[in-house]
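Reviewing the structure listed below.
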Amino acid sequence: MLSFTSSVLIPSFRRPEHLRRCLLSLATQTQLPDEVIVVWQADDTPTRNVAQSLVSSLPYVLRVLHCAEAGVVSAENLALEAASSDIILLCDDDVIAPETWVARHLSFYTDATVGAVGGSANNHYPDCSSFPKRSVEPIGRLTWYGKSYGNMYDQIEAWTVREAIDCDHLVGYNMSLRRTALDRFEPALKPYWQQFELDACLQVKARGYRVLFDFANVVAHYPTNKAYCGGRDGDLQVKVFNACYNQSFILAKHSPAYLQFWRLIYLFLIGSVNAPGLIASLRAIQLYRNPHQELRILQSAWKQRIAGWKAGLQARELRSNL
């Protein structure tokens, strides 16, 4: 059987006690990672202090790096450049990994066609109670016209006995990649970096590798980030407009020529309530009963769609010239 080395990358920002729990869960693995790389960001010295306090007590090599700017993608890329292993594992600092987490990820890479593997998460409220369970499909799919489906969380217990399936993308709180299948995470995406995992997985697939979703490898997730919450509260630039930009960027960057027209139709005329096109905007008017606001949101969303598509085409051309 082939043996692989493993590096776990954890970008951490202002959740030091969550990070402590995550690092301790990695210490109980049946197959320890060869190294864990924590990246603390900007001026977040409490995160740095927690990580450094554990360096000498953990049964694996813990490396603590600093990223001057706060950002998931920049932190992931810093850690990726420093990583020395065959397989790169990603998890969030607010995750607790089960004891077989590393071993299950690595087991799939004995198949030389596999370039990335992911799993689900059971989400928990601050009081540690579980989110409602769901049996929603499809899982990790990108349709021919450009709509992406996630559904990689809070799955019903019965699904954990399912065989792993091929999919198109994964989620960064529980995924791994063959190091030779990826150059870097896309730095041109806007915060909160929605769908950077989709771009990474499309890079993997473009190199001829498969992407798998493993139902049995489930992490416990204690989310605190409200960027992905629905509704119209909060920072719409981050929640809606940057999401529109990133979605358009990724589709322009990776779509074959024969699908580009249809994906533009989807982006501008359909979309979703959280990243609207025209039809989704009409739905949002029904939901939120504020037509003037929704029309302003649609106008700004379209502007971001245009900017993201243009930037994605430029990235596509740059990649083809390398």
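The values are calculated or read from the model by the stated rules, or taken from the named source; none is laboratory data. These figures come from a predicted structure and were not determined experimentally. Neighbour counts are summed over all protein chains in view; Cβ atoms, including those assigned to glycine, are modelled from backbone coordinates with ideal geometry.
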**Message:** Considering only segment 15-37, I want to know if a residue exists there that is in contact with a Lys or Arg (Cβ under 8 Å, 6 or more places away or on another chain), closer than 17 Å to Val95 by Cβ and at pLDDT 95 or above.
**Reply:** yes
**Asked** If you take the residues in segment 76-110 that are among the hydroxyl-bearing types (Ser, Thr, Tyr) and out of contact with any Phe, Trp or Tyr (no Cβ under 9 Å at 6 or more places or on another chain), which one is nearest to Ala42 (Cα to Cα)?
**Response** Ser84
**Item:** Asn246 being under 24 Å from Val8 (Cα atoms) and of a type in the set (S, T, N, Q)
**Value:** no
**Fill in**
Subset of segment 27-51, residues of a type in the set (A, V, I, L, M) and surrounded by fewer than 24 Cβ atoms within 10 Å (Cβ to Cβ), comes to Ala27, Leu32, Ala42, Val50
**Asked** Out of segment 273-322, which residues are surrounded by fewer than 16 Cβ atoms within 10 Å (Cβ to Cβ) and among the acidic types (Asp, Glu)?
**Response** Glu317
**Fill in**
Selection from segment 7-37 of residues under 21 Å from Val73 (Cβ atoms) and not β-branched (Val, Ile, Thr) yields Ser7, Leu9, Pro11, Ser12, Phe13, Arg14, Arg15, His18, Leu19, Cys22, Glu35
**Request:** Take segment 205-246 and flag every residue that is of a type outside the set (Val, Ile, Thr), outside any helix (DSSP H, G or I), at pLDDT 95 or above and surrounded by 14 or more Cβ atoms within 10 Å (Cβ to Cβ).
**Result:** Tyr209, Arg210, Leu212, Phe213, Asp214, Phe215, Ala216, Asn217, Ala220, His221, Tyr222
**Selection count where residues are surrounded by fewer than 16 Cβ atoms within 10 Å (Cβ to Cβ), part of a loop (DSSP other than H, G, I, E, B) and in contact with a strand residue (DSSP E or B) (Cβ under 7 Å, 6 or more places away or on another chain), scope segment 157-187** = 1
**Request:** Quick one: in segment 1-41, of everything that is under 21 Å from the mean Cα position of the chain (by Cα) and among the small types (Gly, Ala, Ser), which residue is nearest to Thr100 (Cα to Cα)?
**Result:** Ser25
**Request:** Would you be able to tell me the number of residues in segment 201-226 that are within 24 Å of Ala243 (Cα to Cα) and out of contact with any strand residue (DSSP E or B) (no Cβ under 7 Å at 6 or more places or on another chain)?
**Result:** 6
**Prompt:** Among (1) among the polar types (S, T, N, Q); (2) free of Cβ contacts under 8 Å to residues at least 24 places away in the same chain; (3) touching a helix residue (DSSP H, G or I) at 6+ places or on another chain (Cβ under 9 Å), where does Asn321 come up short?
**Reply:** (3)
**Prompt:** For Arg305, are the conditions met, namely being basic (Lys, Arg), closer than 24 Å to Tyr149 by Cβ, assigned by TED's automatic domain parsing to the domain that holds Tyr125 and in contact (Cβ under 8 Å) with a residue 12 or more places away in the chain?
**Reply:** no
**Request:** Kindly indicate whether any position in segment 253-261 is over 14 Å from Ile306 (Cβ atoms) and crowded, with 22+ Cβ neighbours inside 10 Å.
**Result:** yes
